[in-house]
Structure formats: C-alpha cells, structure tokens
1. Residues being among the small types (Gly, Ala, Ser) and modelled with pLDDT under 95: count how many of those fall in segment 394-419.
2. Among the residues of segment 212-228, is there at least one that is crowded, with 21+ Cβ neighbours inside 10 Å and over 18 Å from Val5 (Cβ atoms)?
3. For segment 185-208, check the following and say yes or no: at least one residue is open to solvent by 30 Å² or more (accessible area, probe 1.4 Å), in a loop (DSSP other than H, G, I, E, B) and farther than 28 Å from Phe157 by Cβ.
4. Within segment 477-495, how many residues are in a helix (DSSP H, G or I) and either at pLDDT below 95 or open to solvent by 10 Å² or more (accessible area, probe 1.4 Å) (or both)?
5. Given (1) surrounded by 16 or more Cβ atoms within 10 Å (Cβ to Cβ); (2) out of contact with any strand residue (DSSP E or B) (no Cβ under 6 Å at 6 or more places or on another chain); (3) not in a helix (DSSP H, G or I), where does Ser470 come up short, assuming only one miss?
6. So, in segment 257-284, exactly how many residues are outside any loop (DSSP other than H, G, I, E, B) and in contact with a helix residue (DSSP H, G or I) (Cβ under 8 Å, 6 or more places away or on another chain)?
7. Hey, can you tell me all the residues within segment 40-60 that are in a helix (DSSP H, G or I) and buried (at least 22 other Cβ atoms within 10 Å of the Cβ)?
8. For segment 468-476, state whether one or more residues are modelled with pLDDT of 95 or more and either on the phi > 0 side of the Ramachandran plot or touching a Gly at 6+ places or on another chain (Cβ under 7 Å) (or both).
Amino acid sequence: MTGIVTVQRMKEIEKASNDAGIDYLRLMENAGSAAAAFIRKKADIRGRNCVVIAGKGNNGGDAFVVARKLFEREGIISVILASSLPTTPESKEMLDQLLRLGVEVLPFGSDETTVAQKIAVADLIVDGIFGTGFCGEIPADLRPLFEQINQAVSAIFCLDIPSGVSALDGTVAEGAVHGDFTIAFHQVKAGMLYYPAKQYLGELFVTSIGIPEDLGEKVLEDGILIEEEDVFSALPKREENSHKGDYGRLLHICGSTGFSGAAVLSALGAARVGTGLLTVAAPASVLVPLTVRLPEAMTLPFSLDTDGAMHSNNIPRILEVLKKENACLIGCGIGKKDTLFSLLEQILQNTPCPVIIDADGINNLCSRIEILHQAKCPVILTPHMGEMARLLGVTITELRKNRIEKLKDFSQKYHVIVVLKDSVTTIFEPGGTFFVNQTGNAGLAKGGSGDLLAGMIAGFCAQGIAPLKSAVCAVYLHGLAADLCAARLSQYSMLPSDILVDLSRIFVEHSL
C-alpha cells in the first residue's frame with residue numbers, strides 16, 4: 001500500500017520527524033543520498049558528465065547532496081545555481097560541503113554560454129530547481145535555462161517533482177521540466193498523480209528518507225495509491241457450498257426512452273462482478289433490449305405518465321421491493337424529473353442498504369442536494385468532473401485546481417463516498433482519506449463507460465463487500481480491464497461492453 005500526501009501534510013511529517021530527533025539536515029542528507037543511489041542504479045556515472053541544477057531552497061539542498069555523492073563515485077560534476085545562493089540554513093550547509101570538495105559551481109546568470117555548453121554535453125541532468133512548494137509560472141530570467149534542460153539529449157532525473165509542476169493540484173507551468181525519472185521523497189505528493197503533471201514525471205520512484213515509521217500514527221497520510229494487492233485481498237472467493245442468495249440482491253433503477261444502453265451496460269457490469277440476483281426496474285421499452293442481452297436479470301416494469309416519464313404510482317412498489325435488497329443503483333439514463341427526485345428522496349429516507357447514485361441520479365440532486373443529510377443508508381456518488389462541478393457550483397477548471405480539498409470537504413459534509421471520475425479517478429470517503437487509481441486509459445472516454453463502472457460498484461456492494469472497498473475494487477478493475485482491452489482492440493476501437501471480456505480474464509487469472 002503506497003501512501004499519498006499533500007504538500008501541507010508533508011511539511012507536518014517533516015516537522016514531526018525533526019521534533020523526534022531526525023532533523024531537517026539529516027532528512028536532506030538522506031534524501032540526496034537516496035536519490036544519488038537511484039541515479040547510480042539507472043546510469044553508470046563514473047567518468048560521465050553529470051550536471052546538477054540547484055535552486056535556492058531545500059530542493060537545491062537535496063541537489064547539492066546528490067552532487068557530492070555522485071562526485072564521490074567519480075562522476076564529473078558541474079553544479080549550476082539556477083538563482084541566487086541558497087536561502088535556507090540546511091541548503092547553505094550542503095553547498096559549503098560541496099565547495100570544500102572543490103566541485104565546480106557555476107551561477108547560471110554569470111555565464112549562460114558556459115552553462116548551456118555544460119548542459120548540451122551532459123550525460124545526465126539532475127533537476128533540483130523548484131520543489132513541491134512551486135506554483136505559478138517560471139520566472140522569465142530562468143526560462144532559457146529550462147529550455148536548455150528540455151532540449152538536452154541526456155536523461156533528466158527530477159528530485160521530488162519536476163520543476164515547474166505543481167504538487168498541489170497537478171497544474172504545469174509553461175516550459176516545465178520534462179523528467180525521464182522522478183524521485184519522490186518519502187511519499188508521492190498528491191498533485192503529481194493528476195494530468196497534466198503526470199505526463200512530466202517519466203518513471204516515478206518513491207524512496208525513504210529516514211522518517212520513522214511510527215510517525216504514521218501521529219501524522220496520518222492523506223491518501224492511498226490503489227494497488228493490485230489492495231483489491232484482490234478484498235475480494236472473497238466463492239464458497240463451493242453456496243447459492244445465488246449468498247451473493248446478494250441488487251435493485252437496479254435505470255434507463256428511459258432513448259437510453260436503454262445505459263441500463264444494459266450498468267446491469268451487465270453488476271452481473272459480471274458476481275451479483276447473485278439482479279432486478280432491473282425500468283420502462284418496458286428499456287427492458288426488451290435488456291432481456292435480450294442479459295436474460296439472467298429479473299425485471300420490474302415502470303408505468304409511465306403522459307410525458308413518458310416514470311409515474312409516481314411506481315414509488316410504493318419500488319420501496320417495497322427494496323426491503324429485500326442488499327444494494328440499490330439508481331440513475332443510469334433515468335432522466336431528470338420531479339417524480340424521479342421524489343423517488344430518490346424516499347429511497348434515501350427509507351432504505352438501509354447501500355445506494356449508489358450515478359448520472360441522472362446525481363443531476364436530480366443538483367438543486368436539492370440537502371436531501372443527502374436525510375439518508376438512512378450508505379451512499380456512493382459517482383460523478384464525472386462536469387457533474388461534480390455542478391454539485392459544488394463551480395467550474396471544472398476551479399474543481400481541477402483544488403479537487404482534493406473540495407472533495408474531502410464535500411464527502412465529510414454530506415457523509416457520502418464520492419467516486420470522482422476523470423482521467424485519473426479518485427475516491428473520497430468521509431473523514432478525509434482519498435484513494436487514487438492508476439489503471440485505465442483514454443479508450444474509456446466513450447459513452448457507457450461510467451454506466452459499466454456504476455454497475456460494478458453496485459454489484460460488489462450487493463455481495464456484502466463494504467461500500468468503500470466496493471468502490472476501490474470496481475474502479476481499479478474497470479481500469480485494468482480497459483488496459484487489457486486496449487492492448488487487444490486499441491483505444492480507438494474498444495467499446496465499454498468489450499471490457500467485460502477482459503474483466504472475466506482478470507477473474508480467471510486470480511482464481512475468482
């Protein structure tokens with residue numbers, strides 16, 4: 001399990017370490033030493049031209065340690081000061097140690113021609129200009145230096161984060177360093193995992209810097225990177241002596257005229273993850289194509305009003321059916337009507353089982369979101385960025401800039417689990433912890449992918465898997481199956497329904 005921290009949390013962890021006796025200077029020494037060891041694993045530095053570029057803060061101090069360690073291993077070291085001399089006590093100390101060894105140190109502004117030549121012939125470059133506190137734009141006087149770094153043919157190793165990339169929200173300044181390798185210290189910083197930042201990291205490596213493990217009990221990490229072992233350890237194997245009732249009952253309220261596909265795909269997703277008994281509540285026009293594709297599903301036909309929407313007389317019948325269900329999914333392609341809002345409101349007020357709200361279910365919440373406070377059941381919301389922005393009353397751009405804090409506050413305020421779907425999907429639980437998924441690809445950017453995911457989450461919930469674990473497992477497997485599908489059919493040609501074949505292969509490979 002790989003932890004994720006915000007920039008602020010990392011500062012708290014470093015302070016706690018300092019208070020515990022591992023001071024900032026030791027942490028800097030450990031960070032630089034670990035980075036140098038990683039570089040030596042990736043490249044033979046003996047007799048090679050190694051250009052280390054250092055900023056004036058603590059990231060520059062880390063770079064000075066790297067330079068010293070590579071110099072001790074017979075690298076030909078040139079250190080370039082990107083800005084002024086170091087401004088922190090620790091960084092000053094590390095530069096003094098370097099100077100005492102006689103290592104070449106060049107201020108960038110004093111002789112840009114010489115610096116450019118050094119970078120042009122470098123066998124490797126170490127980027128220690130800006131650390132995780134960077135935000136905004138690259139200063140105009142440093143842009144030529146950044147251009148030279150990015151034009152170099154050598155491998156670029158970035159310390160903690162590529163300079164010019166924000167660890168806060170994943171935004172990237174124009175001209176930021178494109179790393180071949182990023183060496184993250186202690187934990188991954190949250191913003192690094194989102195686009196466009198993710199495209200600048202190259203190969204990501206996380207290294208220890210000597211922070212005591214027991215500090216985790218005092219200063220908790222903010223998030224967790226979802227990994228294979230986290231998922232498959234949460235999925236129970238099916239007992240030989242079992243029956244369909246042991247694997248849950250799911251009521252699936254979905255579909256409307258013109259949106260039968262949403263019902264089909266979400267129902268298939270639920271069925272393919274092992275749901276024991278699936279009942280689909282939808283208009284008769286939706287149930288015809290559904291039963292052709294999925295004859296295993298039971299059906300609960302809606303009666304419609306004169307506008308072709310669900311009639312309010314369906315609500316008591318649905319609530320009665322829900323008394324026997326283990327989970328409920330509502331929203332995939334149902335449309336937006338007052339009757340549907342009333343149904344959603346009464347489900348939340350009267351149903352004890354987990355309720356997964358997707359798509360139009362979320363759209364029905366937008367103007368009356370306070371009903372979430374009335375929920376008597378665990379609730380999972382599965383919005384894409386546009387739906388979440390509407391729920392929060394912000395633009396998508398504003399949401400991207402501060403998604404973690406906004407979603408942590410939202411999930412806590414309404415006591416719901418939120419699966420925020422994007423190129424990198426993040427799951428937030430009440431209390432502040434978030435889970436970042438790294439599977440999936442652009443082939444999922446097609447209508448129906450979200451319906452399939454919602455069905456998978458609901459299917460796991462119906463089987464008694466805890467709602468948070470259900471969301472984590474479904475998101476990871478949905479993306480992993482999509483990766484396999486893209487390798488088989490291409491991101492261009494793959495369809496959401498194709499993913500189900502690869503999902504089944506994954507279960508086979510893991511003996512599930």
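The values are calculated or read from the model by the stated rules, or taken from the named source; none is laboratory data. Owing to the predicted nature of the structure, the values given are computational and were not obtained by experimental measurement. For neighbour counting, all protein chains shown are included, and Cβ atoms are generated from backbone atoms with ideal geometry for every residue, glycine included. Note: accessible area is taken over every heavy atom of the protein model, side chains too, but ligands, DNA and RNA are not part of it. Shrake-Rupley method; radii C 1.70, N 1.55, O 1.52, S 1.80 Å.
1. Going through segment 394-419 one residue at a time, the tally reaches 0.
2. No, every residue in segment 212-228 fails to be crowded, with 21+ Cβ neighbours inside 10 Å and over 18 Å from Val5 (Cβ atoms).
3. No - not one qualifying residue is present in segment 185-208.
4. Qualifying residue count, segment 477-495: 8.
5. Failing condition for Ser470: (3).
6. 19
7. Asn58, Asn59, Gly60
8. Checked segment 468-476: no residue is modelled with pLDDT of 95 or more and either on the phi > 0 side of the Ramachandran plot or touching a Gly at 6+ places or on another chain (Cβ under 7 Å) (or both).
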